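K.L.:
Right, I'll just put the structure down here and ask away after.
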Amino acid sequence: MPETDTVVDSPAGPLNAILCTPDGPARGGLVLSDGSGPADRHAWAGVPAWLAARGIATLRHDKPGCGGSPGDWRAQTLADRAAEAIAALGALRKQAGVERAGLIGYSQGGWVSLLAAVTYPDQVDYVVTLGGPYVGIEEQERTRLARVMRREGRSEESVAAGLAWADERAARLAAGEDPAQVLADQPEAENSPPYDTVEELGFFARNLTFDPGALLPFLQCPLMAFFGAADEHVPVERSLAVLGERLPARHRGVNGIAVLPGVGHMLYPVAARENPQLSPGFLPVLDAFLDQVTH
């Protein structure tokens, strides 16, 4: 399964990328979209090779400003990232010679993949989301904060104070306040990643109005959504409710939703602290979905 260094000509500039192809003809393709924070083309561990062994070509690329590529992902919007994914999809189709191709996005990359599929419906044949919330960035971050604070053993009074600050922060940013001033006012106890710099808080502010649930009714292609039942970052139950209410029935029998027990945000079992492996349920279910959408 050959891997070839290549480049995606994106709106942010030429992004370094890696094309992974099967030994024989490819039956389909996937562009791999990373989540929040910095990420480069060397991510995704053994997933591209596993997909190539099953006839799926993949392309993974740097986010702007990572891995030696130009730009700055912190200055983007989700729409910028979606346009980038479409540029990568065009490069994948051309270089791997595949007709049917789609997007697979981890965490925030799930939002990116969904937005790209709805914005460019004639260019995306299928979408896979991995731990991608089906709520907006404010609700997702509020859920994460509450769970992290409780895991750290903070009192309910402290949790309430942290969430009150999260609400105030979002309201001030939505009103157009300077992220630098909002960050300066942030209590030290609430100063934690991922939105603990001016640049990343600016990214948060620019994407506050994004609502993945509002996009779902307009999705034209099949969707496979994976969740970890023990995901600390994602309101899984709320996401399932949104999918149940808003996912179109046009691909009934092909669409899929999988909640993997004992599995966290990265789709690794939370009990596997040493030498973690992907949940054994993930790849076979993904393979079954790809069988449906690539024929």
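K.L.:
Scanning the range 5-26 for residues that are in a loop (DSSP other than H, G, I, E, B) and either out of contact with any helix residue (DSSP H, G or I) (no Cβ under 8 Å at 6 or more places or on another chain) or among the aromatic types (Phe, Trp, Tyr) (or both), which turns out surrounded by the most Cβ atoms within 10 Å (Cβ to Cβ)? First the steps, then the outcome.
P.N.:
To start, the set of residues in the range 5-26 that are in a loop (DSSP other than H, G, I, E, B) comprises 11-12, 21-26.
Now restrict to residues that are either out of contact with any helix residue (DSSP H, G or I) (no Cβ under 8 Å at 6 or more places or on another chain) or among the aromatic types (Phe, Trp, Tyr) (or both): 24-25.
Working: Gly24: 9, Pro25: 11.
Result: Pro25.
K.L.:
Suppose we filter the range 27-50 for residues that are open to solvent by less than 40 Å² (accessible area, probe 1.4 Å), under 21 Å from Phe203 (Cα atoms) and assigned to a loop (DSSP other than H, G, I, E, B); how many remain?
P.N.:
4
K.L.:
Test of understanding: among Gly281, Gly262, which residue is surrounded by fewer than 19 Cβ atoms within 10 Å (Cβ to Cβ), at positive phi, at pLDDT below 95 and not charged (D, E, K, R)? Walk me through how you get there before you give the answer.
P.N.:
Details: Gly281 fails: at positive phi.
Matching residue, one of Gly281, Gly262: Gly262.
K.L.:
State the number of residues belonging to the range 73-85 that are part of a helix (DSSP H, G or I) and open to solvent by 20 Å² or more (accessible area, probe 1.4 Å).
P.N.:
Taking the range 73-85 and keeping what is part of a helix (DSSP H, G or I), we get 73-75, 78-85.
From the residues that got through so far, the ones that are open to solvent by 20 Å² or more (accessible area, probe 1.4 Å) too are 73-75, 79-80, 83.
Result for the range 73-85: 6.
K.L.:
For Leu145, only one of the following conditions fails: (1) among the hydrophobic types (A, V, I, L, M, F, W, C); (2) open to solvent by less than 10 Å² (accessible area, probe 1.4 Å); (3) under 26 Å from Ile257 (Cβ atoms). What is its number?
P.N.:
Just one mismatch for Leu145, condition (2).
K.L.:
Go through the range 22-60 and count every residue that is farther than 19 Å from Val128 by Cα and in contact with a strand residue (DSSP E or B) (Cβ under 7 Å, 6 or more places away or on another chain).
P.N.:
Of the residues in the range 22-60, 1 are farther than 19 Å from Val128 by Cα and in contact with a strand residue (DSSP E or B) (Cβ under 7 Å, 6 or more places away or on another chain).
Conditions tested, residue by residue: (1) free of Cβ contacts under 8 Å to residues at least 12 places away in the same chain; (2) surrounded by fewer than 19 Cβ atoms within 10 Å (Cβ to Cβ).
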| position | (1), (2) |
| --- | --- |
| Ala241 | yes, yes |
| Leu247 | no, no |
| Arg252 | yes, yes |
| Ile257 | no, yes |
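K.L.:
Let me ask something else. All but one of (1) buried (at least 20 other Cβ atoms within 10 Å of the Cβ); (2) in a helix (DSSP H, G or I) hold for Leu103, so report the exception by its number.
P.N.:
(2) is the only condition that Leu103 fails.
K.L.:
Hey, another quick one. So for the range 119-134 (the condition being part of a helix (DSSP H, G or I) and open to solvent by less than 40 Å² (accessible area, probe 1.4 Å)), does at least one residue qualify?
P.N.:
First, pick out the residues of the range 119-134 that are part of a helix (DSSP H, G or I): 119.
Then keep just the ones that are open to solvent by less than 40 Å² (accessible area, probe 1.4 Å); that gives none.
No, because not a single residue in the range 119-134 is part of a helix (DSSP H, G or I) and open to solvent by less than 40 Å² (accessible area, probe 1.4 Å).
The values are calculated or read from the model by the stated rules, or taken from the named source; none is laboratory data. A quick note: this is a predicted structure, and the numbers were derived from the prediction, not measured. In this analysis, Cβ positions are derived from the backbone assuming ideal geometry, glycine residues included, and neighbour counts consider all displayed protein chains. Just so you know, the surface numbers come from the protein's heavy atoms only, side chains and all, with ligands and any DNA or RNA stripped out. Shrake-Rupley method; radii C 1.70, N 1.55, O 1.52, S 1.80 Å.
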